[in-house]
Every structure is written in structure tokens, then in C-alpha cells.
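Trainee: Have a look at the structure that comes next, please.
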Amino acid sequence: MILKMSKGQRPVTPQPMGLFLILMVSLTLSADIEEGKDVYLQNCANCHSITMAGGMGPDFNLVSYKRRRADVAKYIEAPGMHYRAFGYTANAMPTLPLSPKEIEDVSHYIDSLQPFKEWMKK
């Protein structure tokens, strides 16, 4: 593709500040996943494995594959309100005392476990 520029116009080049902002955003997203792993280890690992080792709740690899991240966050926030939407007949998950940021972080961590999702096949 050839771009025609008017007289006196200069080509747009990436500015160092723009590159810095992109780098900071990507580091922030990575940090959320790492913080989410900590939330998982402290609050979820007793019932949910990530190694298909079993547990009272479903393995988070399966949750990551079957669910969208936003739905997982809603379920973590209020499991008693959302278990039927997930197809469960009963709810055993307690409402955890997590902050909104911790819910976002752990939902990003769960979502990161499986790069391919069931909904991608449709």
C-alpha cells in the first residue's frame, strides 16, 4: 500500500513514549496473572486443582477451556446467584471475601491456563 502525503506532511513514526506505554500495559497484564496465581493459591487451591488432580470443585483447566473470563469473574463474585447459569444443579462454592481487583486477577489467571477455548470452535 502506498500512502500519498501532502506537501509538508511528515510520515508518522512511533514515539518512544508510545512504545513505553505499550510495554507498561503488557507488563501490567502479566502482573495481573501473577497476582491472580497468588489469589488462586491462597483461596482456591484447596478445592480446585490446575493439574487434573481432582478436588471438590472442577479443575481450573476445564473451567478455562469451557468458560469466558467475564463469566468466571461473575461466578467468583456471587456463586450462589450464578451456579444455574453454569449448568450446575447445586452450589458448593462459598462466596469468598475477595476484592474486585483480586477477582479480576484470579479470573485472568484462570483464563490464562488454556489458550484454546471451547467457544473458539463455534
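Trainee: Subtracting the Cα-Cα distance from 0.36 nm times the residue separation, let me have the gained length for A90 to L62 in nm, one decimal. Walk me through the numbers before you get to the answer.
Mentor: Numbers: separation 28, 0.36 × 28 = 10.08 nm, distance 1.84 nm.
Using 0.36 nm per residue and subtracting the Cα-Cα distance, I get 8.2 nm.
Trainee: Please work out the FRET efficiency for the pair E77 and K121, using the Cβ-Cβ distance as r and a Förster radius of 25 Å; give the result to the nearest 0.05.
Mentor: Numbers: r = 28 Å, r/R0 = 1.10.
Between E77 and K121 the formula returns 0.35.
Trainee: When only Cα pairs under 8 Å and 6 or more residues apart are kept, what is the percent relative contact order across segment 44-122? Walk me through the numbers before you get to the answer.
Mentor: Working: 82 pairs, mean separation 25.7, N = 79.
Relative CO of segment 44-122 lands at 33 percent.
Trainee: Here's something else I'd like to know. So, with +1 on the Cβ of K and R and -1 on the Cβ of D and E, and no other charges, what is the size of the charge dipole of segment 32-117 about its Cα centre, to the nearest 20 debye?
Mentor: Details: 9 positive and 11 negative charges, 95 e Å.
It comes to approximately 460 debye.
Trainee: Determine the sum of side-chain charges near D59: Lys and Arg each +1, Asp and Glu each -1, restricted to other residues whose C-beta is under 13 angstrom from that of D59.
Mentor: Numbers: positive: K66, R67; negative: none.
That works out to +2.
Throughout, read-outs are computed from the coordinates displayed, never taken from laboratory work. Here the structure is a predicted model, which means the values were calculated and not measured. Heads up, the Cβs are rebuilt from the backbone with ideal geometry, glycines too, and the neighbour counts pull from every protein chain shown.
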